[in-house]
Amino acid sequence: MRSTSELKLRGVVKFLVLLLISVAAVSRMQPAFPAEESDTQALPGKIEPPFAWNRTDKYVPPDFEAFFPDDKAAGAQLDQMIDGKLKINSIDERLALIRRGLRNCSRHRTTLLGQVGNQYIWNRKAQDPRAIELMYHASVSDLPGVAHSALYHGPMVVSDRSANLVRMLMEQYPQMPWHEKHRIAWGMRTYGDKEQTRKLLSGLLDDHSQLNDLTVGATLETWQAVFETDPPGLERFDDLGLWIIAFHRPDVSATHPRAAEILRKMVMKPFGTRQDVVLAFLTRVDEGYETAIVLVKGLKNRRLLENIISKRMHLELDCNELFTALVLQTRRLNELARFLPEGSPRSYLPDYTRPPVGANYAYAASEYVAPDYEAYFADDPAAGKQLDDVYAKRDQLKMTDAELLELFRQGLRHSKHSPNVMIGWFSQSMAWPRDPRLTEILYQALDPKGPPGVRKAALYYGFGLGTKKTKNVLRALYHVYMAPPFDATTNHNMRTRILWGVRDHEDDKYYLSTLFAQALREHEQLTEVALEQAVSAYRQLTGGEPPNLDEYAKRGVYVVMFGNETASTIAASKAYVAERLGDSERILEAKHLDEDSNISVIMLVRGSAGMDWLIKKLQAPPKLPIYFAGLLTPKLIEQSKPLKSFEKYLPAEGPREE
């Protein structure tokens, strides 16, 4: 399927618009809010200066409780506005209603805040200070997803930053997952004046005595991420903070009898008689490697270890970050909880247990062992209920990862929750270190014969960008890619995810491309739809054409839809198209449509070679706008009555979709 840059929908018949929406997933949404100004001065909840986020006289932290009232009636009104049943014309009124009703809104608050950000803040030349104020206070909400959505679409992408806004981000930083920390740095590199940002971060560092160590540490990490250098006077912070550093040697596996001892010596030797600066040393098994985890006191000592690891060719850094309660939780370092400030939350993730030595796993077998959903996941309703009970009380989780792994394998099939919810929770609870038992569960869930939702969630949470993939995992991903249904919903998203997941690893891309090349060498066994998918994958993985493209370039029937702006009648359109394209055997049939004197053409051509030929002809001057180009399928015909007459061109036994 191909879409060109000339996607203009002027004068296209209604069915074509609907077809484009359903097939190409193109939508043209009206702005969430109009830009009129309000003359209302006494508006309840109106957001007015002075704003907390850009005050210059004092620091005012965000305060969700004080800023957003508990107004049930306003929540109902906000629901009506979202449903289009309440018309409000001005920005002031809309923002005021969102402020009053956000707590009690029954619709998707995260989507609503995303609309506020997209309409008034993100990528806007004139960013609305009222909207920024609303997002500033929403960024500390405990409501599910609200803080993340507010930060993502608001303070993180503000161009004209203020001292208060930057300080707020640095105070929130220690509680943020890594992708949000990266977004702060990305926003500072991408939007606004970097010199102004430098001054604001420098101001925080100069005033470090008024801040806690975590905020100062966050500022130092952000400075490094934004400017890729150290701030002036770094020696001021030599004794600052606690830092977690994890690394491994690729030549030392977890099966080596002295693995932990080897890594410990590498850590302790540089400190000589000052070994008390190493507060803790642990090891974990991650992706089969013995991995050292070091808790070190002071920025100077952290930099010493950092420097040693970077200079040794046989060492790989796994993490290097400020030690916070969130780090303890996400990395399951419960043994280190005693080093956190009093009152820090305990980890509600499962306790770490060392994986068994010598266990066999299908994903790592020397020969390909296909995932088998039915055989691997137990058919146990009682275990499903037990798993749901554990999930309901996950904030009080008191299990080891080994216990949870087994319960998940036993109970997944009968959980009342969606696979996306359960696999997302489960995999994120044990994301690091990566346990081979977790990888095996996610691998078995890839079975193309299993439920689509299960394999989609396993792919998303288990085998994305940055994850290590064995050849068996890559082969399983290939089978998922080539499995029906061939539609634009679940499997379309999975195919995109598979190719994205190997984007940065040339060996994985090459191996996967060889599997598609083999399928294309045996193309007679593929349906037209599967053939098109394999060609598309090969092109994306290699940047080139399959070596045997000519063997099947005439297979299948392709539809190309384009506008004919040179003609005002169907007769004139037929004459013009015949003159421009000639009498080519590539063309099977053409249908000319007229709606209010706007002429469009639906043309069927033979094979991808015919589609490429036609697109090239239409793009030659004078260009004609191309609306859609892709394989003619039963699904395509089902979505549009004008294509019904082309049903005769489908193969006798079309692709069977589940």
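The values are calculated or read from the model by the stated rules, or taken from the named source; none is laboratory data. Since this is a predicted model, take the numbers as computed values, not measurements. As a convention, Cβ positions derive from the backbone with ideal geometry for all residues, glycine included, and neighbour counts pool all protein chains shown. What goes into the accessible areas is simple: the full protein's heavy atoms, side chains included, and nothing from ligands, DNA or RNA. Shrake-Rupley method; radii C 1.70, N 1.55, O 1.52, S 1.80 Å.
Within the option set ALA280, ALA218, ALA254, being surrounded by fewer than 20 Cβ atoms within 10 Å (Cβ to Cβ) and touching a Phe, Trp or Tyr at 6+ places or on another chain (Cβ under 8 Å) holds for one residue only, ALA280. The set of residues in region 261-272 being in contact with a strand residue (DSSP E or B) (Cβ under 9 Å, 6 or more places away or on another chain) and either in a strand (DSSP E or B) or open to solvent by 40 Å² or more (accessible area, probe 1.4 Å) (or both) consists of ARG264 alone. Within region 339-375, being among the small types (Gly, Ala, Ser) and more than 27 Å from VAL278 (Cβ to Cβ) holds for GLY358, ALA359, ALA362, ALA364, ALA365, SER366, ALA370, ALA375.
With surrounded by 15 or more Cβ atoms within 10 Å (Cβ to Cβ) and over 15 Å from MET482 (Cβ atoms) as the only criterion, which of LEU549, LEU531 stands out? Just a single option satisfies the conditions, and that option is LEU549.
Considered as a group, the residues in region 411-438 that are of a type in the set (Gly, Ala, Ser) and under 16 Å from ALA392 (Cβ atoms) include one that is most open to solvent (accessible area, probe 1.4 Å), and that residue is SER418.
Scanning region 471-504 for residues that are surrounded by 17 or more Cβ atoms within 10 Å (Cβ to Cβ) and not in a helix (DSSP H, G or I), we see that the one that is modelled with the lowest pLDDT is PHE486.
Taking first residues from region 324-349 that are closer than 15 Å to TRP243 by Cα and of a type in the set (S, T, N, Q) and partners that are assigned to a helix (DSSP H, G or I) and open to solvent by 40 Å² or more (accessible area, probe 1.4 Å), the Cβ contacts under 7 Å between residues at least 6 apart in sequence or on separate chains come to THR324/LEU214. Kindly check whether there is at least one residue in region 149-165 that is open to solvent by 30 Å² or more (accessible area, probe 1.4 Å), farther than 15 Å from ASN54 by Cα and outside any helix (DSSP H, G or I). Checked region 149-165: no residue is open to solvent by 30 Å² or more (accessible area, probe 1.4 Å), farther than 15 Å from ASN54 by Cα and outside any helix (DSSP H, G or I).
Within region 273-290, if we keep just the residues that are touching a residue at least 60 places away in the same chain (Cβ under 8 Å) and in a loop (DSSP other than H, G, I, E, B), the residue that is nearest to SER253 (Cα to Cα) turns out to be GLY288.
Considering only residues that are surrounded by fewer than 20 Cβ atoms within 10 Å (Cβ to Cβ) and of a type outside the set (D, E, K, R), look in region 187-199 and name the one that is nearest to the chain's Cα centre (by Cα). Among those residues, the one meeting the criterion is THR190. Checking LEU97, LEU113, LEU43 one by one, the residue that is touching a Ser or Thr at 6+ places or on another chain (Cβ under 8 Å), aliphatic (A, V, I, L, M) and open to solvent by less than 70 Å² (accessible area, probe 1.4 Å) is LEU113 and no other. Going through region 371-410 one residue at a time, which ones are in a helix (DSSP H, G or I), surrounded by 12 or more Cβ atoms within 10 Å (Cβ to Cβ) and of a type in the set (A, V, I, L, M, F, W, C)? Within region 371-410, ALA383, LEU387, VAL390, ALA402, LEU404, LEU405, LEU407, PHE408 meet the criteria.
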